[in-house]
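The values are calculated or read from the model by the stated rules, or taken from the named source; none is laboratory data. These numbers were taken from a predicted model, which means no experiment stands behind them. Cβ coordinates were reconstructed from backbone atoms using ideal geometry, including for glycine residues, and neighbour counts include every protein chain displayed.
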Amino acid sequence: MKRIAVLTSGGDAPGMNAAIRAVTRCAIAKGWEVFGVHQGYAGLINGDFRQLTARSVGGIIQLGGTMLGSARAPEFKNEEGRMKALWELGQKEIEAVVIIGGNGSQTGAYAFSQMGFSVVGVASTIDNDLVGSDITIGVDTAMNIALEALDRLKTTAASHQRAFLLEVMGRNCGYLALEVGIAGGAEAILIPEIETNPEEVVQIFRRAYERGKTHACAVVAEGASYNAEKLAAYFSEHQARIGYELRTTTLGHVQRGGEPTAYDRLLASRLGAGAVDALDRGETGVLVGMVKSQVTTTPLSKVVGVQKPIDPTLFQLAKVLDT
């Protein structure tokens, strides 16, 4: 191995820069040259490569987002687009690519590896829905941002005897909502994986009101069958039964921003180094993740098209703790 490239794809996640830094410096330590691909797969197709040095990735470990940028590239889904990317890599004599991203990004990585090119994925998504890693880059930061928001909302809710709906990211996976709801002591948690009748939430809030609680909060994943908007509309028709005045807060992309936590910086550094080690031993077509506190690899064929399930015992725990 003499030359490799690294790119970030899909939604940005806090810690991506730490992973870029680790890939670059670990590869350089082995005597390899490293090129950063700008704007994800679009940059791969357009040949937007710039050589990275140990110094060019200095001072980025604490920064959120990604210094390489990310962009949608629908043309990469076609063989013609991937052939163009292969040609661009050949022009630079690049022998392998490290792809940092989530489900969609690793689907692209797998398609590329099926064409015979050396690819290693790094697990990075705030949804934590990627098979092959117990926790992915960005999750801890996003979780702490959402938890801080919930704590702040509870202060206001208690001051005004209100109920709050806090909507967090999670289109197909409720991991963030579930973890934040438990850690923040929410009265109700709504996630895509488990159907929840809005009447159940009305009853939960009503019981809290009758017990004399000064507030009630529900954490709602954006992909739940009743997201915050639908739930608020249902509640508006049953306001008298709830007891509390209702407010809604949607965090949205706020969860992606900000400085990565210490955990995400360490995780990203370990996974980035693991990607380089995998390439060094000739192991490609794999995803590098963290399983039982160990850096491991999983074939991309076992990752693509599979969503990691949530732990059902956590949902039961949430119900017990919030009674």
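For region 272-323, which positions are assigned to a helix (DSSP H, G or I), of a type in the set (Gly, Ala, Ser) and in contact with a strand residue (DSSP E or B) (Cβ under 9 Å, 6 or more places away or on another chain)?
Gly272, Ala273, Gly274, Ala275, Ala278, Ala318
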For Arg281, the lone unmet condition from (1) more than 25 Å from Tyr175 (Cα to Cα); (2) surrounded by 16 or more Cβ atoms within 10 Å (Cβ to Cβ); (3) at pLDDT 90 or above is (2)
On the basis of being outside the structural domain of Ala177 (by TED's automatic domain parsing), at pLDDT below 95 and under 20 Å from Gly121 (Cβ atoms), does Gln307 make the cut? yes
For Gly132, which of the numbered conditions (1) over 26 Å from Gln307 (Cα atoms); (2) small (Gly, Ala, Ser); (3) outside any helix (DSSP H, G or I) fails to hold? (1)
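I want to confirm something. Restricting to region 98-128 and keeping residues that are among the polar types (S, T, N, Q) and part of a strand (DSSP E or B), which single residue is surrounded by the most Cβ atoms within 10 Å (Cβ to Cβ)? Explain how you work it out, then say what you get.
Of the residues in region 98-128, the ones among the polar types (S, T, N, Q) are 103, 105-107, 113-114, 118, 124-125, 128.
Adding the requirement that they be part of a strand (DSSP E or B) leaves 118, 124.
Working: Ser118: 19, Ser124: 34.
Selected residue: Ser124.
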Where the second residue is part of a loop (DSSP other than H, G, I, E, B) and the first is acidic (Asp, Glu) and lies in region 23-36, which pairs have Cβ atoms under 8 Å and are six or more apart or on separate chains? Glu33/Lys2
